[in-house]
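Just so it is clear, none of the values below were taken in a lab; they were calculated from the coordinates. Computed from a predicted model, the values in this text were never measured in an experiment. Note: ideal-geometry Cβ built from the backbone for every residue, glycine included; neighbour counts use all protein chains shown.
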Amino acid sequence: MISREQAAKIAKAEAIGRSLGTEVSEVLALSELTGRPPVVYGVELDGCWIAYILSARPPGLYASTIVAVSQATGKTMYAGSANDEG
């Protein structure tokens, strides 16, 4: 089982490697989300840690950038837009 802290480290490395950002703002389980959940196609997010990545974009309305990390294996299941804008 991958801890929240381990998932944050994995997500940070993945985000840096993909030029998505350099810092993780928070890591949540799908059941802990209070806002609009990520909408990603072809990826099952149940059983994943969802790491939200900070970006250097100017202020504005944007979709979140996330890295989804399997809680069981630590494998990156998805990295990119959460399609949750609006």
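Points worth noting:
- Around the amide H of Glu23, modelled in the peptide plane, lie the amide H atoms of Leu54, all under 5 Å away and 5 or more residues distant in sequence or on another chain.
- Across the chain, Cα pairs under 8 Å and at least six residues apart give a relative contact order of 33 percent.
- Between Ile16 and Ala72, full extension at 0.36 nm per residue minus the direct alpha carbon distance yields a gain of 17.9 nm.
- Mean residue ellipticity (222 nm) of the chain, computed from DSSP H runs ≥ 4 via -39,500 (n - 2.57), nearest 500: -5000 deg cm²/dmol
- Sorted fewest first by neighbouring Cβ atoms within 10 angstrom, Tyr62, Tyr41, Tyr78 come out as Tyr41, Tyr62, Tyr78.
- Residues whose placed amide H lies under 5 Å from that of Cys48, excluding near-sequence neighbours: Leu30, Gln71
- Label-to-label distance for Ser31 and Lys9 is 2.6 nm, based on points extended 7 Å past Cα in the beta-carbon direction.
- Between the labelled values (1) 7.1; (2) 5.3; (3) 6.1, the entry that holds mean projected area of the Cα convex hull in nm² as derived from this structure is (2).
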